[in-house]
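The values are calculated or read from the model by the stated rules, or taken from the named source; none is laboratory data. Source: prediction; values computed, not measured. Cβ atoms come from the backbone with ideal geometry, glycine included; neighbour counts cover every protein chain shown.
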């Protein structure tokens, strides 16, 4: 700086700024007077100002299970006093305490003015690419990051719009509940980086209801032996570790009878087996709950305890059985409804199964072996005095028929008939073509001669006991004094009038 003489005269001072390279400025000072001047130059070093993030922290962000991504900084702001764009800069969102399924993402709003959009790895603002994104996916590390690298089209406006679309989600039906920590940081590409702003992220799981499956269609019940409702039924529950307080309810809805029984099959106490000990239900020998009901139109319920896991409840469901040993039970199909409450507020959808009540055929027993017929005496003999008749589901044989026929070596002179013992209690009698039991008509008969089978058609008075007594009083004789000596085969078949037919049984008569 050079100063000339003559300082006592009036001065004129001028200031100016002249841009030089980079972000430095030149300041000039000029003094002017008659024939006198002063000039000074000062170099001012004006450094880059870092961008700033604000209104991101505060209350924790809350993500609720199975919901869309929660916005993490929907009120966030971005400012930078000296950067026209963020070319080369980055937005980095970090998540600490990451767990399986965690996802940081940019919400695709679209390409309209003011909207953030996604097109592959490109991030757009109003349809113009402002950068590219990467990361955001859990890879096994405790910390994961979502990074957006900006180009020259980016600025504070687009960066602010971007930060407000950053979201978190986790697609799991059982996301870990641990609290995550978030941090946001942005750089402007000119060497300036904002302070990192932190935020907490809270995960709120919801109770997913249990799911019943493979319980449907129909199963047939015949006779008196209990039938398993569905040995392939399944129970799943994605977020339950135990079923303490859970309730399995099985109910007969349509056409229920008081004599219907729902029960649990007692397999034993070995590994994987369901057992019954009084009202306790066991699985592998350990008590997992207690049962009640199942009769007199009351639902069968199983209340599980803390030892019950999903596999145990499924095993119990697979061992629910139906029975009805009443001879007068209805043949109408039953509809069984099952529903499962997991004890934490989750209730499955109800599933139904149809039980077809099929007619059990009558049984003819102890009708076998050989009996001798003496042609010399010509006296009728009983074909089988101790034969048995039973039917587990028919109180009577109304419309049924007993057919006795000679199926081998028959002669036209052979006679099958019914011994007439009168009308006393428990006695079989014959009145014309009527057959009586204890004096009450139980049916009518035809045939028995000329190689025609003896047929007795029953009415509603024909109980299994009456028919059994009748069968024990069927006789054979020949009208010849010297019949063919070939052994006769006597064949008996019984129908119950409800579609059930016994197996054929035979008896041999030896002619002596």
Here is a check on your reading of the model: is residue 193 modelled with pLDDT of 95 or more, within 16 Å of residue 93 (Cα to Cα) and either out of contact with any helix residue (DSSP H, G or I) (no Cβ under 6 Å at 6 or more places or on another chain) or in the same structural domain as residue 238 (by TED's automatic domain parsing) (or both)? yes
Being outside any loop (DSSP other than H, G, I, E, B) and either more than 20 Å from residue 261 (Cα to Cα) or over 20 Å from the mean Cα position of the chain (by Cα) (or both) is the requirement here; does residue 389 meet it? yes
Of the listed residues (378, 426), the one being in contact (Cβ under 8 Å) with a residue 60 or more places away in the chain and assigned to a loop (DSSP other than H, G, I, E, B) is 378
Those residues of the range 74-105 that are crowded, with 16+ Cβ neighbours inside 10 Å, out of contact with any strand residue (DSSP E or B) (no Cβ under 6 Å at 6 or more places or on another chain) and within 21 Å of residue 180 (Cβ to Cβ) come to a total of 3
Of the residues in the range 342-365, those that are within 16 Å of residue 233 (Cα to Cα) and part of a strand (DSSP E or B) come to 351, 352, 353, 354, 355
Looking at residue 337, is it closer than 20 Å to residue 496 by Cβ, in contact with a strand residue (DSSP E or B) (Cβ under 8 Å, 6 or more places away or on another chain) and in a strand (DSSP E or B)?
no
Worksheet item: Is there a residue in the range 149-168 that is buried (at least 17 other Cβ atoms within 10 Å of the Cβ) and more than 30 Å from residue 128 (Cβ to Cβ)?
Response: no
Report yes if some residue within the range 485-503 is crowded, with 19+ Cβ neighbours inside 10 Å, in the same structural domain as residue 407 (by TED's automatic domain parsing) and touching a helix residue (DSSP H, G or I) at 6+ places or on another chain (Cβ under 8 Å); otherwise report no.
-> yes
In the range 311-351, anything under 17 Å from the mean Cα position of the chain (by Cα), within 18 Å of residue 297 (Cβ to Cβ) and buried (at least 17 other Cβ atoms within 10 Å of the Cβ) is listed as 320, 336, 338, 339
Screening 308, 368, 326, 315 for residues that are part of a loop (DSSP other than H, G, I, E, B), at pLDDT 95 or above and in the same structural domain as residue 245 (by TED's automatic domain parsing) leaves only 308
Subject >> Verdict on residue 277 being on the phi < 0 side of the Ramachandran plot, touching a strand residue (DSSP E or B) at 6+ places or on another chain (Cβ under 8 Å), at pLDDT 95 or above and loosely packed, with under 14 Cβ neighbours inside 10 Å >> reply: yes
Per the filter on the range 101-114, residues closer than 20 Å to residue 68 by Cα and out of contact with any helix residue (DSSP H, G or I) (no Cβ under 8 Å at 6 or more places or on another chain) are 101, 102, 103, 104, 105, 107, 108, 109, 110
Restricting attention to the range 436-448, the residues that are in a loop (DSSP other than H, G, I, E, B) and surrounded by 14 or more Cβ atoms within 10 Å (Cβ to Cβ) number exactly 3
Being at pLDDT below 95, closer than 24 Å to residue 194 by Cα and out of contact with any helix residue (DSSP H, G or I) (no Cβ under 9 Å at 6 or more places or on another chain) narrows 152, 84, 98 down to just 84
Within the range 228-235, can one find any residue that is surrounded by fewer than 20 Cβ atoms within 10 Å (Cβ to Cβ) and at pLDDT below 95? no
Q: Might you let me know whether the range 40-53 holds any residue that is within 30 Å of residue 204 (Cα to Cα), under 60 Å from the mean Cα position of the chain (by Cα) and either surrounded by 16 or more Cβ atoms within 10 Å (Cβ to Cβ) or modelled with pLDDT of 95 or more (or both)?
A: yes
- Report yes if some residue within the range 185-204 is surrounded by fewer than 20 Cβ atoms within 10 Å (Cβ to Cβ) and closer than 30 Å to residue 314 by Cβ; otherwise report no. yes
Reported set for the range 288-305 where residues are part of a strand (DSSP E or B) and either within 14 Å of residue 266 (Cβ to Cβ) or within 21 Å of the chain's Cα centre (by Cα) (or both) is 288, 289, 291, 300, 301, 302, 303, 304
